[in-house]
Amino acid sequence: MTDIRINHHTEVTLHFTLKLPNGDVVDSTAGKSPATFKVGDGSLLPGFEQSLFGLKAGDQRTFEIEAERGFGPGNPLNIQSVPRGQFNEMELEPGLLVIFQDAAGGELPGVVKTIHDTSVDVDFNHPLAGKTITFEVDIIAVKPV
């Protein structure tokens, strides 16, 4: 192990786990290959990346990443009312993830929030928006780039 610390000019290899406040695991490299990224390459959101600065190989830490530093607080304007007819015969229930096609032909996921007689409220915010995320890391290697 070296004493190179994570900074703007490093490549980092680590194992990580992301957890919701209730302890549910959202994503993890546990039992898989570790993740490797160059600081600043966009692989991690800035709030997650900044929490790693100063760590070195062998360090293990747990961070609480608030919504503002993580996936954002969520935007009420991203909750849209969609005509119920657009769902055809789909069985709808709150929490259901539905994939829509955006204007450019890409996929746009939304989560059903509320079902009304003629419309459905769909939340197009990131599913982790507004949530504090527990970020557990085990730094395996840090090298200069």
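Only one of these is at pLDDT below 95 and not polar (S, T, N, Q): Ala57, Ala67, Ala103, Ala35. Name it.
Just a single option satisfies the conditions, and that option is Ala103.
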**Prompt:** In region 43-62, which residue that is among the small types (Gly, Ala, Ser) and under 16 Å from the mean Cα position of the chain (by Cα) is surrounded by the fewest Cβ atoms within 10 Å (Cβ to Cβ)?
**Reply:** Ser43
**Message:** Please return the ranges of strands (runs of 3 or more DSSP E) entirely within region 40-145 where 3 or more residues are under 30 Å from Ala30 (Cα atoms).
**Reply:** 60-65, 97-101, 107-115, 133-144
**Prompt:** Does region 11-29 contain at least one residue that is part of a strand (DSSP E or B), within 17 Å of Lys143 (Cβ to Cβ), of a type in the set (Asp, Glu) and in contact with a strand residue (DSSP E or B) (Cβ under 9 Å, 6 or more places away or on another chain)?
**Reply:** yes
**Request:** Those residues that are touching a residue at least 12 places away in the same chain (Cβ under 8 Å) and either under 16 Å from Pro144 (Cα atoms) or within 16 Å of the chain's Cα centre (by Cα) (or both), I need them from region 33-42; list them, please.
**Result:** Ala35, Thr36, Phe37, Lys38, Val39, Gly40
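The values are calculated or read from the model by the stated rules, or taken from the named source; none is laboratory data. Bear in mind that the values here come from a model prediction, so they are computed numbers and not experimental data. Neighbour counts run over all protein chains shown; Cβ positions are idealised from the backbone, glycine included.
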